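Visitor: Handing you this structure, nothing more for now.
The values are calculated or read from the model by the stated rules, or taken from the named source; none is laboratory data. Not measured: the values here are computed from a predicted model. Cβ placement follows ideal geometry from the backbone for every residue including glycine, while neighbour counts extend to all protein chains displayed.
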């Protein structure tokens, strides 16, 4: 029988190691995220081989988790908002956690990062200025989406 707790602890450990690397070097090593993307489906297949879905169900769970959790960061990467290491790490965590917990952990990470950004802007004294110019920024982004090339 598969234990989701073991996969959750593994995801926490992998992301913790990646956070230390990212904090010290500014990069997330590919061997960590791609290695996890390689090992997670095998671990799920071995853990679920005696259940109804069998090994193929475990492979599908890991693949769907990587795809569901990795899709939003992939879009952000294509828009230039985050780095490729972040995309690989979130996809690896999704492969470990499955689609539901993978997307849920991505949501919690985004909420935590957004809260940190607001607190950091308040500490630096730029929060009120950012709030004041927020509607104009949103209008400019909406205009750029509706009329591509209008702002260039």
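Visitor: Check the stretch 96-104 and report whether any residue there is over 15 Å from residue 36 (Cβ atoms) and touching a helix residue (DSSP H, G or I) at 6+ places or on another chain (Cβ under 6 Å).
Guide: Yes, some residue in the stretch 96-104 is over 15 Å from residue 36 (Cβ atoms) and touching a helix residue (DSSP H, G or I) at 6+ places or on another chain (Cβ under 6 Å).
Visitor: Out of the stretch 3-28, which residues are outside any helix (DSSP H, G or I) and buried (at least 19 other Cβ atoms within 10 Å of the Cβ)?
Guide: If the condition is that a residue be outside any helix (DSSP H, G or I) and buried (at least 19 other Cβ atoms within 10 Å of the Cβ), then 28 is the only one that fits.
Visitor: Kindly list the number of the only condition in (1) buried (at least 17 other Cβ atoms within 10 Å of the Cβ); (2) within 15 Å of the chain's Cα centre (by Cα); (3) modelled with pLDDT under 90 that fails for residue 47.
Guide: Of the numbered conditions (1) buried (at least 17 other Cβ atoms within 10 Å of the Cβ); (2) within 15 Å of the chain's Cα centre (by Cα); (3) modelled with pLDDT under 90, the odd one out for residue 47 is (2).
Visitor: Of (1) buried (at least 16 other Cβ atoms within 10 Å of the Cβ); (2) free of Cβ contacts under 8 Å to residues at least 60 places away in the same chain, residue 56 satisfies all except one. Which?
Guide: Against the list (1) buried (at least 16 other Cβ atoms within 10 Å of the Cβ); (2) free of Cβ contacts under 8 Å to residues at least 60 places away in the same chain, residue 56 comes up short only on (1).
Visitor: From (1) over 11 Å from the mean Cα position of the chain (by Cα); (2) over 24 Å from residue 4 (Cβ atoms); (3) without any contact (Cβ under 8 Å) to a residue 40 or more places away in the chain, pick out the condition that doesn't hold for residue 27.
Guide: (3)
Visitor: Please state which one of 85, 65 is crowded, with 19+ Cβ neighbours inside 10 Å, under 17 Å from residue 13 (Cα atoms) and modelled with pLDDT of 85 or more.
Guide: Being crowded, with 19+ Cβ neighbours inside 10 Å, under 17 Å from residue 13 (Cα atoms) and modelled with pLDDT of 85 or more holds for just one of 85, 65, which is 85.
Visitor: Let me confirm something: among 137, 97, 127, 112, which residue is surrounded by 10 or more Cβ atoms within 10 Å (Cβ to Cβ), over 25 Å from residue 5 (Cβ atoms) and at pLDDT 85 or above?
Guide: The unique qualifying residue is 127.
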